[in-house]
C-alpha cells in the first residue's frame, strides 16, 4: 500500500485500487486551481488502476468552487474545469464517488462525472449557482444525463438542495447509505471493481459512455465491435 499528497489531494494505492481524497477540509474541499490541477494529475497517474474511489476529507465531499480563489474566472478556468470533468468521465477505470456532507455546484458536478455515486442519507446535494447569478452549466450536462431534463431544470433553476435519500430516488445517486456505513459501502464497491478483469470493464465503460444519445443502430454497431474486441483479447483467451 502506498500513496502521497499534492496541493489539496492525497492518493493511496491498495493493490489495483486507487483512493483519491480531496483534502482541503478547512475549505470544505472547495475547488481552487491547485486542487483542480492536483486532481487531474492524480487521475492521470491512476490510469493503470482497476478502479478509483473519489472521496472528501473532513465534513464534506466538496462544497463547490472556491470563489475566494477563482472568482468568476475567464475561459481558461472554465476550460480547465471542463477538462477535469472529462478526465473523470473518460478515466479508463471505473470511478466511484463517495459523497458525504456537502456536494454543491462544482462539487456535485465532479461526483456526477464519476461512474458511480454513493451518497450518505444526510448528504446535501445541489446547484446554488443561480442564487449568485451564475450558471451551473457543466453540472447540468451530467445531471440531465443521469436524472433527466425536469430534475436538472428544477435543481439548476431553483437552487433547491436535496438529501442523499432523495438524490437516490431521483436517480442522481446510485444508492444512499447511513453516514456511518457509507465509507465501507463505497470502498467495497470500488474493491470489487478493482479485481475484475480490466479489459472487459474498460470496454464496457467506454461503450456505455461513448454511445449515449446515439441512434440504436449505431449503439448496436458499437456493441458488436466491443463484443468482438473482448472475445479476441489475450485476456479472454
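Okay, here's what the table says:
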| read-out | value |
| --- | --- |
| Residue check, residue 141 crowded, with 19+ Cβ neighbours inside 10 Å and touching a helix residue (DSSP H, G or I) at 6+ places or on another chain (Cβ under 9 Å) | no |
| Qualifying position, being out of contact with any strand residue (DSSP E or B) (no Cβ under 7 Å at 6 or more places or on another chain), over 25 Å from residue 163 (Cβ atoms) and assigned by TED's automatic domain parsing to the domain that holds residue 182, among 93, 83 | 83 |
| Those helices (runs of 4 or more DSSP H) lying entirely in the range 1-108 with at least 1 residues within 15 Å of the chain's Cα centre (by Cα) | 33-45, 75-89 |
| Qualifying residue in the range 189-207 (condition: under 19 Å from residue 97 (Cβ atoms), touching a helix residue (DSSP H, G or I) at 6+ places or on another chain (Cβ under 7 Å) and at pLDDT 95 or above) | yes |
| Flag if residue 119 is touching a strand residue (DSSP E or B) at 6+ places or on another chain (Cβ under 9 Å), in contact (Cβ under 8 Å) with a residue 24 or more places away in the chain, under 17 Å from residue 59 (Cα atoms) and crowded, with 17+ Cβ neighbours inside 10 Å | yes |
| Candidate set from the range 35-57 (those that are without any contact (Cβ under 8 Å) to a residue 40 or more places away in the chain and closer than 16 Å to residue 107 by Cβ); member that is surrounded by the most Cβ atoms within 10 Å (Cβ to Cβ) | 35 |
| The range 194-216: number of residues that are assigned to a loop (DSSP other than H, G, I, E, B), in contact (Cβ under 8 Å) with a residue 40 or more places away in the chain and surrounded by 12 or more Cβ atoms within 10 Å (Cβ to Cβ) | 2 |
| The range 155-175, residues that are more than 17 Å from residue 62 (Cα to Cα), in contact with a helix residue (DSSP H, G or I) (Cβ under 9 Å, 6 or more places away or on another chain) and outside any loop (DSSP other than H, G, I, E, B) | 155, 156, 157, 158, 170, 175 |
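The values are calculated or read from the model by the stated rules, or taken from the named source; none is laboratory data. Computed from a prediction, not measured in an experiment: that's the story for all the values here. Don't worry about glycine lacking a Cβ; one is built from the backbone with ideal geometry, like all the others, and counts go over all protein chains shown.
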